[in-house]
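Let me begin by presenting the structure, written as structure tokens, before commenting on it.
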Amino acid sequence: MGMLMGFAYITLKENVRRRSFYGVVLAYLLTLVFSRILTEFSLQDPSKVLLDFTHTFLTFLVFLSVLFITTDTFSKDIEKKGVYLILAKGVSRESYVLGRSFGLVVFSLVLVLILGTIFLFGSWLLNLLSLGVFRKEIHIGAGLLVLLSLWVKASLISLVVVFFSTFMSNFFLVFLASVVVLMAGSSIENLYYFVHLEEDRISPVIRYLITFMFYTLPSFSSHGPDVVLGIEGVDLDHFALDLLKAVLYGGFLVTIGSLIFRRREIA
Amino acid sequence: MKDILLLKDIRKSFGGVEVLKGVSFSVRAGEVFGFVGPNGAGKSTTMKIIMDFIRPDSGEVYIFGRTNRDPSVRRRVGFLPEHPYFYTNVTGYEFLRFLKMTLSIPGEEFRRRVETYSRKLQIDWALGKKLSEYSKGMLQRFGLLQAVLSDPDLLILDEPMSGLDPIGRRLVADLILELKDRGKTVFFSTHILPDVERICDRSCLIIEGRITDIIEGEDLHRIEDIFMERVREIGVREVL
């Protein structure tokens, strides 16, 4: 437990002091201001425009930050040999992968908490103060569930990067491979639901292939702004299943990554 | 005396080139052992094999009588790599706290060790600063501080004097001798021969991946002559 806390401590300290971290927070604050301006051009549903825009940027900034920071953290550890000082202390390679993963999941939580708070309360405040009679009610409780869902997905992306970093040292290659998985995971999910809606019109081979990929690739869709606005109900069963899948997938990635890293030469 | 570190016929190749050609030697408990060789002789590769960062093609390494593949054996080892990399956004003290948490060092003991060793290495005033603000010499001394933090029985130091000014070299040499007086074993690589003469009990020469000599006693005072003689015999271009 002390080891896990140690990794969480150093990962947080190292990453929250990056200039890019403050840049991301500032960029998101500017996005909120811009989204308010954007609502002026919407005649029918300004609350939805506001929430759609701020949520899309929240997801984009969280995913991008997690991808960049996780890749950079591992790349520095391996390429610059920061890992030597850790392994030399008797920390096993499996513990290193587990500890770093835990640290990065905690960092994702802090990132989602900071940006998510700005998203929820910023949108709530803008909605309340400036959208007048056209506004819809923002449900903070549902918003917290949306943030939880986003954190789970951000952590999963982090673990995908950890997995690739256990056998690749090049920053660009790890980043690229992780982006490919992220995009494939997001696309295959839409395809999966589409083929199940149109079962009769799609050949069984394609259907099985897409179903296979749906279960082998991680899923990155999270609850959207419609839940926050109450347009869509909170589907707790779907959320629980999604969470279970993310936990199992994350555990699988860390386990396989640890086994690979155990055999790796760190020259 | 008991062997603390034992290397048996270590061979290692990179891309078809044999870098280590059957390296064998042992380090006894309580001694300061110098590992001397010209650039590219295989010193750092040997260090990495001892620490299990890379695996030999053949041969075995034993630390405290146990295989070096067992990570728990490194709990009693302090290691300083040749060019230590530290996280740039954290302070020296925060990095040490990370090690404290990872190694489960009790709070009082941690404070005592940090205070004692940081003063000895004259780095105590800088522990609150970010590691990115440290000079090369400060990083080297900080590297030694993190290596002794766990109070190890065996210290493995890869070029500990590199990047240090004469004062820094003196501080590090004094600390090595003090640790020896406290019964610790120190194994360090270097190509600075006067340091070996001054602080080592024994040393070995490695040239082109082969151990050529184990030098001890009075012979340590003429290590430079022995070293140059071997280099001429073997004909290492980089040195000559």
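Quick notes
- In loop segments of segment B:164-210 as defined by DSSP, the trypsin sites (Lys or Arg not before Pro) with at most 11 further C-beta atoms inside 10 Å of their C-beta are B:Arg182.
- Between segment B:147-225 and segment B:1-72, the alpha-carbon centres lie 16 Å apart.
- Considering only GluC sites (Glu not before Pro) in DSSP loops that have at most 14 other Cβ atoms within 10 Å, the longest stretch of chain A without any of them is A:41-136.
- Projected-area average for segment A:2-263 over all orientations - Cα convex hull basis, square nanometres: 16.1
- Candidates B:Glu18, B:Glu108, B:Glu216: whichever shows maximal mean-square fluctuation once chain B is modelled as a Gaussian network with Cα springs under 10 Å: B:Glu108
- log10 of Debye I(q)/I(0), alpha-carbon scatterers only, for the protein assembly as shown at 0.12 Å⁻¹: -1.07
- Taking the longest Cα principal axis of chain A as reference, the axis of helix A:204-216 is set at about 70 degrees.
- Pairs of alpha carbons in segment A:63-129 whose separation is greater than 14 Å (percent): 68
- Here segment A:93-146 and segment A:1-29 have alpha carbon centers that stand 16 Å from each other.
- Cleavage-rule hits (chymotrypsin sites (Phe, Trp or Tyr not before Pro)) in segment A:3-64: DSSP loop, at most 14 neighbouring Cβ within 10 angstrom: A:Phe41
- Amide H contacts for B:Arg28 (H built 1.01 Å from N in the peptide plane; partners 5 or more residues away or on another chain; cut-off under 5 Å): B:Ile4.
Read the figures in this text as sums done on the coordinates, not as results from a lab. It should be emphasised that the depicted structure is a prediction, and the values quoted were computed from it without experimental measurement. Every residue, glycine among them, receives a Cβ derived from its backbone with ideal geometry; neighbour counts consider all protein chains shown.
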